[in-house]
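Below is one structure, written out as structure tokens, with a few remarks after it.
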Amino acid sequence: DAGVIQSPRHEVTEMGQEVTLRCKPISGHNSLFWYRQTMMRGLELLIYFNNNVPIDDSGMPEDRFSAKMPNASFSTLKIQPSEPRDSAVYFCASSFWQPNIQYFGAGTRLSVL
Amino acid sequence: TQLLEQSPQFLSIQEGENLTVYCNSSSVFSSLQWYRQEPGEGPVLLVTVVTGGEVKKLKRLTFQFGDARKDSSLHITAAQPGDTGLYLCAGKGQTGANNLFFGTGTRLTVIP
């Protein structure tokens with residue numbers, strides 16, 4: 001299996017632009033997680049899905065952030081409009097519901113200028 | 001939010017030395033995992049501990065889950081440069097929710 005695939009690996013954009021991050025989970029996994037990692041705040045859970053349904057989005061910073069999972073093999077995290085403080089590495093992870101062993105993608109490094 | 005504090009935050013040691021990383025919380029977890037993250041990559045699972053007082057060994061790494069299931073430790077014997085990375089503990093709550101609460105991380109550098 002190719003593992004969790006995220007794209008793009010790097011994204012540089014200007015403040016105010018829309019950013020879309022993409023994730024393909026491991027085939028067969030039924031849970032998907034979006035995280036944000038910064039030096040200051042560490043690894044933060046933004047939202048997670050089970051069977052394509054959002055279960056907990058309490059970690060989403062504000063209305064500028066939205067996530068979708070239209071099917072079992074694809075998810076997006078969108079930031080609109082982006083701000084410099086959104087600069088971070090965004091990770092997607094997938095797992096079976098039980099046991100919850102999460103497999104992470106390589107991340108998307110986002111820089112908002 | 002169930003906070004997991006890790007200590008130390010940074011650790012730089014010589015090859016061959018031993019070290020211990022701690023993961024502490026005031027919350028009880030049904031299980032606890034340890035991950036290692038290398039630069040430019042996502043975290044990779046090292047071990048899961050489930051039972052209070054459980055000890056697991058993975059070659060030179062020894063993991064312990066506290067009796068009360070609120071804390072954990074990772075001990076590395078004879079550290080090697082390949083052990084360099086960010087070590088993260090992650091706890092699973094006792095509810096039916098499936099999310100993990102990640103610790104603040106310990107960044108380890110092993111100097112050859």
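The values are calculated or read from the model by the stated rules, or taken from the named source; none is laboratory data. Everything numeric here is computed off the predicted structure, so don't read it as measured data. Counting neighbours? That spans all protein chains shown, and the Cβs are built from the backbone with ideal geometry, glycine included.
How about segment B:27-44: which of its residues are exposed (fewer than 13 other Cβ atoms within 10 Å of the Cβ), more than 16 Å from the chain's Cα centre (by Cα) and either acidic (D, E) or more than 15 Å from B:G105 (Cβ to Cβ) (or both)?
B:G40
Would a scan of segment B:92-103 turn up a residue that is more than 18 Å from A:Y35 (Cβ to Cβ), touching an Asp or Glu at 6+ places or on another chain (Cβ under 8 Å), crowded, with 18+ Cβ neighbours inside 10 Å and not hydrophobic (A, V, I, L, M, F, W, C)?
No, there is no match, as no residue in segment B:92-103 is more than 18 Å from A:Y35 (Cβ to Cβ), touching an Asp or Glu at 6+ places or on another chain (Cβ under 8 Å), crowded, with 18+ Cβ neighbours inside 10 Å and not hydrophobic (A, V, I, L, M, F, W, C).
Looking only at segment A:68-113, which residues are within 14 Å of chain B (Cβ to nearest Cβ) and not in a loop (DSSP other than H, G, I, E, B)?
A:A88, A:V89, A:Y90, A:F91, A:C92, A:A93, A:S94, A:S95, A:Y103, A:F104, A:T108, A:R109
Scan segment A:3-38 residue by residue and report those that are in a loop (DSSP other than H, G, I, E, B), within 11 Å of chain B (Cβ to nearest Cβ) and crowded, with 19+ Cβ neighbours inside 10 Å.
A:V4, the sole residue that qualifies.
If you take the residues of segment A:53-86 that are of a type in the set (G, A, S) and within 13 Å of the chain's Cα centre (by Cα), which of them is modelled with the lowest pLDDT?
The residue in question is A:G59.
Name the strands (runs of 3 or more DSSP E) wholly inside chain B in which the number of residues that are among the acidic types (D, E) and within 14 Å of chain A (Cβ to nearest Cβ) is 1 or more.
In chain B, B:5-7 are the strands (runs of 3 or more DSSP E) which contain 1 or more residues that are among the acidic types (D, E) and within 14 Å of chain A (Cβ to nearest Cβ).
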